[in-house]
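Following: one structure in structure tokens, then a few remarks.
The values are calculated or read from the model by the stated rules, or taken from the named source; none is laboratory data. A quick note: this is a predicted structure, and the numbers were derived from the prediction, not measured. Note that each Cβ is placed from the backbone with ideal geometry, even for glycine, and that neighbours are counted across all protein chains shown.
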Amino acid sequence: MSKYLLEDDFDFDFHLIGISTHAHDYRISWAINQLLDINLERQEEVELTGKKGMQSKFSCFHYCSDDEETEIRLLANKDKKVNLLGDQKQADFLLQIYDSSFEEVKEIMLKLRTINVILMCFEINVSTLKSKTNLVF
């Protein structure tokens, strides 16, 4: 019997920042909007069907610049007891940044640390994530 391998050919060409906080999603979104002078807008929730058919929903905020060169997405990493990225349990939110000309990730992280409701932020290496396909929409 032959085996077929399915190759994932997804583009993971983005920077990912994990954010740890006790604040609600709308509060974090508002603070990031003020800090980076962008306009993250609430989108339809990201739905994920896990083991045993359990449905999980993760809030999502999205921004795309007028010239469409910069795209930023803020995702909740937790829904009840399920994480969008199972190997990043310490992150409450994930900030995806698609752009090479946008401010350097280190600078953005320094700015994020000035928000009083953010406890910690850290860069996540997407290539090492086991559940990175959960970030493909």
- [ ] Would you be able to say whether some residue in the stretch 83-101 is at pLDDT below 85, within 18 Å of GLY18 (Cβ to Cβ), crowded, with 19+ Cβ neighbours inside 10 Å and touching a Phe, Trp or Tyr at 6+ places or on another chain (Cβ under 6 Å)?
- [x] yes
Task: In the stretch 56-93, the residues that are assigned to a loop (DSSP other than H, G, I, E, B), within 16 Å of ARG27 (Cβ to Cβ) and free of Cβ contacts under 8 Å to residues at least 60 places away in the same chain - done: SER59, ASN77
Open item on the list: List the residue pairs whose Cβ atoms are under 6 Å apart, where the first residue sits in the stretch 13-38 and is in contact (Cβ under 8 Å) with a residue 12 or more places away in the chain and part of a helix (DSSP H, G or I), the second is of a type in the set (Gly, Ala, Ser) and crowded, with 17+ Cβ neighbours inside 10 Å, and the two are 6 or more positions apart or on different chains.
Closed with: ASP25/SER59; ASP25/ALA76
Task: Failed criterion for ALA31 (all others in (1) modelled with pLDDT of 90 or more; (2) buried (at least 17 other Cβ atoms within 10 Å of the Cβ); (3) more than 15 Å from CYS121 (Cβ to Cβ) hold) - done: (3)
Open item on the list: Suppose we filter ASP99, ASP87, ASP79, ASP92 for residues that are closer than 22 Å to THR128 by Cα and in contact with a strand residue (DSSP E or B) (Cβ under 6 Å, 6 or more places away or on another chain); which single one remains?
Closed with: ASP92
